[in-house]
Amino acid sequence: MSLLNRLRLVLLVCFQSVIGQESKMPISDEFAHTYSIIAIDQEEGLMAVGVQSHWFNVGRIVPWAKAGVGVIATQSFANTKLGYEGLKLLTKNMHPEEVLSKLLTEDEGVDYRQFAILDAQGRISSFTGEKCIQNATHYIGENYSVQANMMVNDQVVPSMSLAFEENKNLPLPERVLEALKAAQEAGGDIRGQQSAALIVVQISPNKGEEEKEPEIDLRVEDANRPINQLERLLNVHRGYEFMNQADVALEHKDYPTALELYNKAEDLMPTNIELQFWKSIAIISSGDEKRGVKSLKKVIKGNVNWQKLFLQLANEGFLEISKEVYEEIEHL
């Protein structure tokens, strides 16, 4: 038996001796003690769930989400059935309170569960089992619920709530991230940090797009500072949003808009080479060939493959450039 499993067994035996034998301890379930938040923003049309835990790849255990349906966090001795079955029940237009009641009534380990559920109408229900490891509690606020267990102190949940409410000026994903950051700053998981996740879905997806991928689906599976990494990934995601919009503008020959969007993307991803490549193309295409070629040469200096790609795109008719620019890049 590994050291981790031996320690886990010792913990479970100790907890069982303290809390008694009345309920069935779900020792085979994931040890995903954690803090999390579920939230909705009707104006943005988004729902989100964010989580951090000292457990490997918490993103495959705690957060569940489906566009047009709702978001769920299932944690403590995590029963993933509460996630996927909860979403199924929400699709039948059941109230979150009914969903929670049905699932927990059928769960032999109910006293060890922590569960929060939010539907596309903004209705919320949360539960903290009486045998969740302290500090354990939850709080339902306007358009959100925060919940935590096995925390180092009792300030984690209040800190999450305050951070979420004080950052109403931010987009929903960033507000959720601020709540997670506040939880960690307040002390967080008594075991420390390891993984984090953020899922964002639409409240009202277009017809036929109910099964589409989430708007945002980010995971940090194993890191010393997973929330910092999650924040970095969210910035990269935002950068690629700008970059994708810029690519569309470039395709439509709207060069001023393309350059503006590439600049916004570059602010978030200053070292992204592909971004610099396409920005150089946009500059050249806008008519500022001298500046664009200079920028492109810097990209090619770092990796000659960008020269090959440029020439290939030009040869296949994807780029509209002058013969002079083509030859200058060809003869580098």
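The values are calculated or read from the model by the stated rules, or taken from the named source; none is laboratory data. What you are looking at is a predicted structure, and each value in this text was computed from that prediction instead of being measured. Positions of Cβ are generated from backbone atoms using ideal geometry, with glycine treated the same way; all protein chains shown enter the neighbour counts.
Scanning the stretch 194-213 for residues that are outside any strand (DSSP E or B) and buried (at least 19 other Cβ atoms within 10 Å of the Cβ) yields Q194, I203. Restricting L319, L261 to residues that are surrounded by 14 or more Cβ atoms within 10 Å (Cβ to Cβ) and assigned to a helix (DSSP H, G or I) narrows the list to L261.
Scanning the stretch 256-269 for residues that are out of contact with any helix residue (DSSP H, G or I) (no Cβ under 7 Å at 6 or more places or on another chain) and farther than 16 Å from L234 by Cβ yields P256, E260, N263.
For the stretch 307-316, filtering for residues that are over 20 Å from I273 (Cβ atoms) and surrounded by 10 or more Cβ atoms within 10 Å (Cβ to Cβ) leaves 1. Of the numbered criteria (1) touching a strand residue (DSSP E or B) at 6+ places or on another chain (Cβ under 7 Å); (2) at pLDDT below 95; (3) surrounded by fewer than 24 Cβ atoms within 10 Å (Cβ to Cβ), the one E97 fails is (2).
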